[in-house]
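See below for the structure under consideration.
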Amino acid sequence: MGTTAEVRGRWRSLLPLPPPGRLRTLSLATMANTVGTGLWVTGAALYFTRSVGLTPTEVGLGLTIAGLVGLTASVPLGGLADRRDPRALRAVLQLAQAVVAAAYLLVGSFPVFLLVATLDALLVSGNLAVRAALVAAVAGPQGRVHAFATLRAVANLGVTFGAGLAAFALVADTGWAYRLLVLGNVATYLVSAALIMRLPSYPPARRAVRPRPARALGDWRFLAVAGASAVLSVHGVVLSLILPLWVVSRTDAPTVTVAAALLVNTLLTVLLAVRLSESSRHAVPAAATMRRAGLVLAAGMLLWAATAVVPTAAAIGLLLAATVIYTMGDLWHAGAGAALAYDLAAPDALGAYQGVDGLLAGLARAAGPALLTWLIIDGGPIGWLALAGLLALTGLAVPPLTRRALASRSPHPG
């Protein structure tokens, strides 16, 4: 019996699920939501091309247009979360996402696909800003970065589990199998909304006189820090898109190495996300962590560049070692970015400021695929060097930018 308890204790220490309470409830809602994300992201391209009949070009173009339009919802819905209960608002948005996700079953042409995808992207973008406001309300000023890191680790578990379930549909490769993925995604939105409504309400303490979105968009010192964080966020495109293309076209490593690298990244994120967020509780230490993240990410890029000029065994080792280094930088960046976005925001306009932060990151991610494909896949190792230099210099710029932002306002909690 003692041995069983010890084993159970070890598993609990490895899993990112927090103890019972409000953060546990929010984590379960996130888990449900991201299982649906894993289902949908894994099977969406095949659903649209093999079941609906769209061409790959139509799918890519439609998702790009939808993603860019969707960014416009981030700031206004973030501002709305400052004036309304973010718990109720997020639950409503999740229900709306369930309806839009179900509408994918009605897609039979490119115009209808573009309409549904755009509505989906608007809700996704706005929901991220509302979620940030809800996390701040649930965890409070002292616990919001820890909560953000916890939810990120939980999300990785959810996406991984959902992707595993989606594999069954991919193996079956039938229209009904892909439609079941759509229905599964719908169900997870409903479960997530129900769990969110188990949280208490968080009505705004007071109303600001000045419209919050305009206030956040006009805070150029905040925009400078958030913009630097957005530049660093392009590293996500490297792992998901550039690295697989690089391995296949520029190295002697086997293709399966890509899957191994993604698995290493996922496991380390689950295990270390919360621990590595501890150094980013407030703006000043978070800025130092962001500087460290930029330098570490740059080192990872340099190692990935070296894989083009070494034998197969060395290339595999460098790819995995670089992934470990990259993941450390990724986690430091995520924790520090959350702390800076919260701590440099006006206390009564957190949702609007998180919306602006999300908008800038979204713009960087939208530009990333085309820019980095040209820079690295076409440019080779020189492209990696240029990207490493950009990440290092951006990280180094964050502490002085943060000091200016802090000097421009009176101290506030958090």
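Numbers below:
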item: Dmax and Rg, reported as Rg then Dmax, of segment 262-414 (C-alpha, Å); result: 17.0, 57
item: Mean ellipticity per residue at 222 nm, deg cm²/dmol - from DSSP H runs of n ≥ 4 across the chain, formula -39500 (n - 2.57); result: -27000 deg cm²/dmol
item: Global geometry of the chain, whether rounded, prolate or oblate, following the gyration tensor of its Cα atoms and the 1.5 cut on a/c; result: rounded
item: Axial C-alpha extent at least 30 Å, average Kyte-Doolittle at least 0.0 - helices from the chain (DSSP); result: 22-46, 110-172, 175-196, 283-306, 312-343, 350-372, 381-407
item: Test item: Cα-centred dipole of the chain, Lys/Arg +1 and Asp/Glu -1 on Cβ, debye; result: 1360
item: Accessible area (Å², per residue) of the chain, counting only protein heavy atoms and a probe of 1.4 Å; result: 43
item: Per principal axis, descending, Cα span of segment 240-333 in whole Å; result: 44, 22, 20
item: Extension reserve of the THR255-SER240 stretch, reckoned as 0.36 nm per residue once the Cα distance is removed; result: 4.0 nm
item: Inter-centroid distance (Cα atoms) of segment 255-298 relative to segment 114-158, Å; result: 18
item: With every protein chain in place, the chain: carbon and sulfur % of accessible area (1.4 Å); result: 71
item: Net dipole in debye of segment 71-132 [+1 Lys, Arg Cβ; -1 Asp, Glu Cβ; about Cα centre; nearest 20]; result: 180
item: For the chain, with +1 on Lys and Arg beta carbons and -1 on Asp and Glu, the positive-most of SER408, PHE222, GLY175 along the dipole; result: SER408
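The values are calculated or read from the model by the stated rules, or taken from the named source; none is laboratory data. Worth saying up front: this structure is predicted, and the values here are computed from it rather than measured. All Cβ positions, even for glycine, are placed from backbone atoms using ideal geometry, and neighbour counts span all protein chains on display. Keep in mind that these areas ignore ligands, DNA and RNA; they rest on the heavy atoms of the full protein, side chains included. Shrake-Rupley method; radii C 1.70, N 1.55, O 1.52, S 1.80 Å.
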